[in-house]
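See below for the structure under consideration.
Derivation of every value follows stated rules applied to the coordinates shown; laboratory data play no part. For clarity, every value in this text was computed on a predicted model and none was experimentally measured. Here the Cβ positions follow ideal geometry from the backbone for every residue, glycine too, while neighbour counts run over all protein chains shown.
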Amino acid sequence: MTETGLETFFEAFLKKDSVFFDKKVIQSNYTPETILHREEQTKQIANILAPALKHEKPSNAFIYGKTGTGKTLTVRHTTKKLMDVAEKEEVPLKIIYLNCKLKRGVDTEYRLIAQLARELGKSIPPTGLPTEEVYRSFFKALNKQKQNYIIVLDEIDQLINKTGDNALYNLTRTTTEDTESQITIIGISNDVTFIDCLDPRVRSSLSEEEIVFPPYNALQIQSMLRQRAEMAFKKGVLEQGVIEKCAAYAARDHGDARRALELLRVAGEVADRKNSKKVMISHIDEAEEKIDRDRITDVVATQPKQYQLVLYSIFSLQPNRNTPLFTGEVYEVYKSLCHKTDTSVLTQRRVSDILSEFDMLGIINAKTISNGRYGRTRNISLDIPETTFLKIKNILEENLKV
DNA sequence: GTCAATTCACATGAAAGAGACCACGGTCTAGTG
DNA sequence: CTAGACCGTGGTCTCTTTCATGTGAATTGACGA
């Protein structure tokens with residue numbers, strides 16, 4: 001594209017009509033004023049937390065439900081309203097919200113406490129201090145002001161999976177020791193079964209109250225989409241049935257509202273790119289494919305080199321095969337690939353772990369099976385759509401220079 | 001033909017090492033008055 | 001005299017390796033009918 005070509009492109013882009021009226025309404029971080037279909041849960045949470053306004057300690061609570069059922073949204077909404085009132089009435093109260101999602105920095109006991117302490121205005125180095133020390137300065141910060149603390153731990157299951165329940169145990173226990181300040185813990189989890197693998201002491205104190213967020217059904221998702229779409233899109237750009245189809249797609253896999261919204265937004269973007277004045281039903285199909293593709297390519301591109309090598313080994317083996325691959329085979333290819341790219345070779349033990357991580361990410365399918373006399377291994381096959389295959393392969397080849 | 005033992009090719013766990021980070025405190029050095 | 005540079009220490013975290021143990025069914029081989 002020549003320089004002037006670029007300019008005209010940008011100018012054309014500016015003038016181009018968009019189906020969106022206010023796009024941010026439909027983006028994932030937007031918090032709507034009213035939350036639909038969650039009146040019951042909002043009330044429960046409010047009931048649990050309300051004592052904080054009277055300087056009493058609210059019960060700890062455990063909230064669970066599948067992804068995209070509005071847990072985080074509802075909790076944030078309710079706590080915010082609570083905070084508003086607390087400020088107006090000048091009740092000392094502090095709400096700390098923490099997302100424990102992996103790769104976000106809060107995935108060890110040390111980091112959890114350090115992060116909490118940081119929320120209280122302490123500066124804690126990212127590493128280097130004994131964990132004990134961090135606890136101490138955290139409690140010191142707690143006791144400095146006498147007030148109620150509500151700690152919301154989002155995706156708490158991730159934290160426990162990685163670090164065990166040590167941190168939680170310490171946190172729940174302090175509530176009884178500390179007379180100065182009171183801590184309430186709200187745990188949010190996608191995984192219902194996770195509570196079972198907690199230490200019984202932690203479990204009983206954490207789940208003093210339990211709230212379940214059931215999945216939305218298709219009708220509820222529809223009304224939610226309508227509410228947002230009304231603000232996000234221009235009038236009349238949505239073809240008949242678009243919202244219904246988005247809702248149906250999302251309801252198909254466990255009523256994930258977030259997914260429904262994303263689908264609708266991407267469908268809008270697809271329509272824009274095609275210079276379509278309307279969002280058609282066919283755009284939704286494209287949007288769904290695009291979301292899938294983006295997710296996978298994103299994950300692949302950000303993997304470390306060794307991981308990419310392992311994955312590339314699978315990629316280079318797969319096409320000429322109808323039967324699944326097994327671990328030893330992949331490892332052999334991986335080894336030769338390492339020599340070719342001048343990379344250090346990891347042990348089979350490690351590669352085995354890498355494979356199971358890919359399995360968890362949903363990039364490959366790995367089922368352990370036993371071939372009787374001929375050993376036990378994983379049956380490995382790629383779990384990505386045809387259309388994405390080449391694209392990912394190119395990314396890998398480029399990154400690895402093979 | 002039946003049944004227990006064997007065997008394969010890894011899976012899965014636990015523990016420990018290497019190396020990168022980082023804060024903290026002490027020591028050294030150069031610049032300033 | 002003091003600020004800043006520079007170590008050494010002691011801690012965490014992540015990625016790996018090493019060593020050990022577990023697994024599930026095809027195969028094998030002994031045994032009895």
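Some points to look at:
- For chain A, share of DSSP beta bridges that run antiparallel, in % to the nearest 5: 30 percent
- Other-chain or far-sequence residues with amide H under 5 Å of A:ILE96's (modelled H): A:ILE150, A:ILE151, A:VAL152
- Farthest towards the positive end of the charge dipole of chain A, among the residues A:ILE26, A:ILE195, A:PHE139, is the Cα of A:ILE26, using unit charges on the Cβ of Lys, Arg, Asp and Glu.
- D_trans [Stokes-Einstein, Kirkwood Rh over alpha-carbon pairs] for the range A:337-402, 4 °C, 1.567 mPa s, µm² s⁻¹: 93 µm²/s
- Radius of gyration and Dmax over the Cα atoms of the range A:39-213, both given in Å: 15.2, 45
- Residue-normalised convex hull volume from the C-alpha trace of the range A:178-275: 161 Å³ per residue.
- Just so you know, the Cα atoms of chain A work out to an Rg and Dmax of 25.2, 74 Å.
- As a length-normalised measure over Cα pairs under 8 Å and 6 or more apart, the relative contact order of the range A:215-285 settles at 39 percent.
- Mean separation of Cα contacts under 8 Å (6+ apart) over length of the range A:39-213, as relative contact order %: 35 percent
- Burial ordering of A:HIS77, A:HIS283, A:HIS55, fewest other beta-carbon atoms within 10 Å first: A:HIS55, A:HIS77, A:HIS283
- Sequence-separation-based contact order of chain A, relative, with Cα cut under 8 Å and 6+ spacing, percent: 17 percent
- For chain A, the 222 nm mean residue ellipticity estimated from helices alone, with every DSSP H stretch of n ≥ 4 adding -39500 (n - 2.57) and the total spread over all residues, rounds to -17000 deg cm²/dmol.
- Sites A:THR67 and A:SER344, calculated FRET efficiency, Cβ-Cβ separation with R0 30 Å, nearest 0.05: 0.20
- Centroid-to-centroid, using Cα positions, the range A:346-402 and the range A:197-255 are 32 Å apart.
- Rounded FRET efficiency, nearest 0.05, which uses the C-beta distance separating A:LYS15 from A:ARG201 and R0 of 60 Å: 0.40
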